[in-house]
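Values quoted throughout were computed directly from the atomic coordinates according to the rules given, and no laboratory measurement underlies them. All of these numbers come straight from a predicted model, not from anything done at the bench. Here Cβ is always computed from backbone atoms with ideal geometry, including for glycine, and neighbour counts include all displayed protein chains.
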Amino acid sequence: MQAIERVNSKGTLFSLCLIMVVSLGTLQIQPMLGGAFVDQLGFSLSEIGPIFAAELIAMAVACGASALLMPRINRQRYALIALGLLVISNIASGYVSGFAELVILRLCAGLGGGAAMAVVYASAALRSSKDATFAVINIGNLVWGVMLVSSMPLILGRGGVSACFLLLGVAGVIAALCVRRLPARYVEAGKGQAQPVGRLGLAAILLIALFALLFFGHSALWVYQERIGKSLGLAPEQNGMILGASVLAGAVGAGLAGLIKRQLGLLVPQLIGFGTALVATLMMVYGTSTLAFALTAGLIHMVWFFCLPYLLSMAAELDPSGRLAGLGNSAIFVGQGLGPFAAALVVGDGNFRAVGWLAAAAYVLALLASVLLVWAFKGGGQRSKTRSISSAHPALASVELNRPVQP
């Protein structure tokens with residue numbers, strides 16, 4: 001009972017938030033950091049994508065593999081090792097200037113971040129109020145993201161790339177001090193009747209594909225948004241403010257999903273979300289004004305978070321065991337990793353319109369998949385009542401569509 005009280009404490013919740021935001025690595029500052037790689041380290045635009053792709057794909061692999069180990073290992077020790085790898089990789093990244101060395105170090109950072117993230121998910125699942133837990137973690141991610149994105153132009157301008165990685169390394173050290181607040185071993189609390197494990201059929205496959213496509217399209221463009229802003233004549237500080245505000249727009253999207261609930265059904269919100277993302281993406285890369293850039297940056301983030309609650313709700317209903325949610329998490333990181341990599345193949349010396357069409361193609365596929373998904377979902381029947389949904393990426397809240405979504 002003491003262990004249960006400990007995992008439900010506010011101190012543990014704070015520790016989970018801190019470890020989570022640190023484990024995200026460079027995810028939220030990719031546009032600014034990628035620009036610094038070009039301006040300060042002399043990398044080409046096509047080299048930015050593989051650097052971030054290596055980190056994100058490694059994060060996906062480490063998170064998925066580590067999740068399978070959680071019931072059998074000492075989580076505190078595992079988290080310490082993971083955060084140690086993350087800290088060393090971040091600090092070392094500030095002292096290299098070669099492309100190959102940086103790719104290797106970011107890959108190592110991704111492995112550490114993914115493993116630490118798995119500990120957070122497993123520990124958060126033990127808390128009694130899972131909805132509130134993931135809502136607070138998501139708020140922490142948003143606050144951390146806004147702070148980083150808005151301050152990064154100043155940090156990169158005065159201290160360079162090394163100052164950015166040093167900041168991430170110091171944050172990792174602080175997070176490591178909080179590991180002792182986490183439960184060391186798996187704790188069973190009030191285990192109820194086991195839920196049947198459903199077969200993962202066509203609807204599940206389409207849902208996994210939608211997670212990947214949504215994050216592929218977003219990350220492909222996100223990596224180069226700072227460069228797009230600079231091409232319009234924006235100062236670094238202006239770029240940081242616009243991109244930071246766009247992160248907050250995601251909370252508006254989640255709030256709208258909570259207010260609308262399922263009044264529009266399941267298909268219409270997907271058509272609105274993916275369709276708007278498609279149009280906004282093309283408007284951004286073809287736009288020539290600061291206003292268009294700012295509006296589309298916020299709009300893309302808003303509809304991104306607007307779509308997610310509906311996808312998560314369907315995942316929970318299709319497979320109450322949580323297996324599908326875990327596969328969706330892997331798909332999210334794979335999509336985030338492949339997006340920058342694919343964008344690097346088409347960007348050339350600054351062909352941002354090609355990147356926009358790449359992201360737009362992902363959204364077109366997502367529109368088609370969403371129609372098939374809803375058809376398969378309704379045809380197969382809802383296996384269980386909508387339950388609380390535990391998110392698997394630093395930017396998703398645990399929500400129920402029959403009540404307001406926490407940002």
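Tabulated data
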{"quantity": "Neighbour net charge for residue 179 - beta-carbon separation under 9 angstrom, K R +1, D E -1", "calculated": "+4"}
{"quantity": "Unit Cα scatterers, Debye sum, region 50-90: log10 I(q)/I(0) for q = 0.32 Å⁻¹", "calculated": "-1.10"}
{"quantity": "Solution diffusion estimate, µm²/s, Stokes-Einstein, region 230-380, Kirkwood Rh from C-alpha pairs, 25 °C, viscosity 0.890 mPa s", "calculated": "147"}
{"quantity": "FRET efficiency for residue 10 and residue 162, using Cβ-Cβ distance with R0 set to 35 Å, rounded to 0.05", "calculated": "0.50"}
{"quantity": "Percent RCO, i.e. relative contact order, over region 54-116, from Cα pairs under 8 Å lying at least 6 residues apart", "calculated": "62"}
{"quantity": "Order of 223, 143, 334 under a 10 Å beta carbon neighbour criterion, fewest first", "calculated": "143, 334, 223"}
{"quantity": "Footprinting exposure proxy for 108, 17 (fewest neighbouring C-beta atoms within 10 Å first)", "calculated": "108, 17"}
{"quantity": "Footprinting exposure proxy for 262, 127, 106 (fewest neighbouring C-beta atoms within 10 Å first)", "calculated": "262, 127, 106"}
{"quantity": "Computed Kirkwood radius, in angstrom, where 1/r is averaged over Cα pairs of region 40-169", "calculated": "16.0"}
{"quantity": "At 1.306 mPa s and 10 °C, Stokes D of region 40-110 from Kirkwood alpha-carbon radius, µm² per second", "calculated": "120"}
{"quantity": "Assigned charges on the beta-carbon of Lys, Arg, Asp, Glu; region 202-380 dipole about Cα centre (debye)", "calculated": "240"}
{"quantity": "Two-site label geometry, residue 268 and residue 80: point separation in nm, points 7 Å out along Cα→Cβ", "calculated": "5.5"}
